[in-house]
1. Tell me whether region 304-386 comes out rounded, prolate or oblate; compute the Cα gyration tensor, take square roots of the eigenvalues as a ≥ b ≥ c, and use a/c under 1.5 as the rounded threshold.
2. Measure nothing but the geometry: give the 0 to 90° angle between the long axis through the Cα atoms of 401-415 and the longest principal axis through the Cα atoms of the chain, rounded to 10°.
3. Could you give me the percent of Cα pairs per 5 Å distance bin for region 119-212, shortest bin first, beginning at zero and ending with the bin that holds the maximum distance?
4. In whole Hz, what ³J(HN,Hα) sequence does region 4-16 give by Karplus (6.51, -1.76, 1.60; θ = phi - 60°), x for Gly and Pro?
5. Which translational diffusion coefficient, to the nearest whole µm²/s, is obtained for region 180-284 from the Stokes-Einstein equation, given a Kirkwood hydrodynamic radius over C-alpha pairs, 4 °C and 1.567 mPa s?
6. What list do you get for Arg69, Arg409 if you sort them by fewest beta carbons within 10 Å?
7. Volume per residue, Å³, of the convex hull around the alpha-carbon atoms of region 380-432?
8. What are the radius of gyration and Dmax of region 13-144, computed over its Cα atoms and given in Å?
Amino acid sequence: MPDDFDVIIVGAGMAGCAAAIRLAQGGARTLLLERGAEAGAKNLSGGILWGHDLDGILPRWWEEMPVERHIVRKRFGVLTPERAASFVFSDPAWTKPPYVAHAVLRARTDAWLAKKAEEAGATVVTSVPVDRLNWEGTKVHGVVQGGETMTAPVTLLCDGANSRLSLGTPIRPNPRLPADATELGIKEVYRLPRETLEERFQLSPHEGHAEEWIAGIYPPGVMAGGFLYTNEDTISLGLILNIGSLFGKGVYSHDLMEQFKLHPAISARLDGAELVEYGAKLISSGWASRPSAWHGEGWMVAGDAAGFVFSNGLVIQGMNYAVRTGLAAAEAALASTASKDPSAAQLAEYDRRLESSGVVADFRDFEGLDRVKWNPRFYSAYPRMATAVLAGFLADPSESSGTLLHRLRDVQKEVGVSLRGLVGDGIDLVRNV
Ligand SMILES: Cc1cc2nc3c(=O)[nH]c(=O)nc-3n(C[C@H](O)[C@H](O)[C@H](O)COP(=O)(O)OP(=O)(O)OC[C@H]3O[C@@H](n4cnc5c(N)ncnc54)[C@H](O)[C@@H]3O)c2cc1C
């Protein structure tokens with residue numbers, strides 16, 4: 001019996017939509033299945049969309065896509081319970097097209113991308129929670145939903161971080177995500193009149209501001225990073241929490257979010273703003289969260305489902321990798337459709353494209369950072385040390401270097417970090433970053 005489609009994609013997030021657009025543009029009979037009532041309805045990002053991975057399929061996409069603001073500056077910093085220290089990076093190139101990054105709200109962008117996939121000729125069906133992949137021995141031959149099987153020689157899994165369709169299968173034999181590579185993202189959206197927002201963040205129309213903080217405001221051992229991004233007339237505020245670091249501490253994610261919002265460096269930004277949305281989602285990031293393979297007989301896996309998201313307390317990038325890996329998989333699927341060969345050997349083209357597009361190199365590089373990024377001292381002791389030294393120095397810049405050193409030693413004792421630990425962490429950081 002002939003197959004229903006050439007390619008079936010599960011999940012209309014950034015990865016699935018980008019792949020569907022490319023496949024339909026390439027003439028493949030493409031089915032994109034999404035469990036949400038609309039593409040984007042179940043998706044959550046901070047979210048800054050970095051880079052230009054969409055250019056190949058949608059030239060000058062930022063002019064038509066419902067993006068919020070183009071980012072013109074980024075603030076990085078550390079918070080402690082009573083202090084904040086940060087620096088701001090800006091670059092004139094960020095203010096001009098094609099821009100380097102855009103603030104986005106996924107409910108809008110993903111719905112738009114899914115529409116583009118439809119316009120290109122893909123069949124997009126929402127409100128369809130796929131139950132499982134249709135395994136025929138070691139081969140995947142489409143998907144099963146509500147007792148019905150839909151077949152295609154190639155199935156592309158883009159079902160996000162908590163990829164239920166791959167967990168406990170040959171793609172990810174472990175039925176659970178690895179605890180050391182799983183984070184919890186929490187986000188709230190606050191409405192603020194456009195003019196107030198632009199005045200408060202010193203922005204011109206359509207310009208956006210991004211800030212990311214090491215949130216050293218929690219009990220020692222809790223590891224979290226906070227973000228604040230400006231949209232057209234809302235602010236996206238959130239936390240990325242290392243889940244393992246919460247265990248046994250008697251802390252709850254919603255309380256941590258409240259604490260973050262109440263910090264003076266953050267609360268002033270929210271003055272007069274109204275909470276309009278909130279959500280939470282798992283993030284499965286880095287090399288340690290990769291599946292057993294990125295392709296096999298009749299299947300490929302892209303985006304978050306393949307662990308292609310980089311996150312630490314200060315930075316989170318996954319949408320750009322979702323698009324890039326979705327497109328790489330689409331190219332491999334097009335080659336497989338043309339040659340009528342969905343074998344693993346043919347789909348190995350996907351791995352070659354992951355290599356040539358720099359994705360694999362990036363994630364190998366991040367592996368070093370993955371090893372050091374969840375060091376609890378970076379999230380409490382060091383922010384406290386740095387801000388205490390700065391507080392003394394800025395209050396009295398004429399202080400001698402000897403006094404400064406004494407102050408550093410006092411703070412070091414106060415936060416309980418030995419000199420050996422300090423030097424060891426420094427070496428570790430230099431070696432791995
Ligand atoms: C709080 C937070 C902040 C973030 N901030 C940023 C940021 O600022 N910048 C950035 O680049 N990245 C950010 N990320 C990461 C980014 O959101 C992800 O990397 C990106 O969404 C991955 O896209 P994806 O298409 O692979 O997966 P997703 O966007 O998760 O899409 C998966 C899709 O699959 C669908 N699906 C799942 N299971 C099924 C099923 N069984 N049947 C049918 N459909 C299914 C889902 O409904 C969803 O639409 C953030 C993440 C979080 C949680």
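No lab work stands behind these numbers, since they all come straight from the coordinates. Values in this document were obtained by computation on a predicted structure and should not be read as measured data. Ideal geometry is used to build each Cβ from the backbone, glycine not excepted, and the neighbour counts take in all protein chains shown.
1. Values: a/c = 4.35, a/b = 3.40, b/c = 1.28.
Prolate, since a/c reaches 1.5 and a/b exceeds b/c.
2. So the inclination is approximately 60 degrees.
3. Computed distribution, short to long bins: 2, 9, 14, 15, 10, 9, 10, 10, 9, 7, 4, 1, 0.
4. Using θ = phi - 60°, the values come out as 5, 9, 7, 9, 10, 10, 9, x, 9, x, 4, 5, x Hz.
5. 90
6. Neighbour counts put them in this order, fewest first: Arg409, Arg69.
7. Residue-normalised Cα hull volume stands at 85 Å³.
8. Every Cα atom of region 13-144 included, Rg and Dmax give 18.7, 59 Å.
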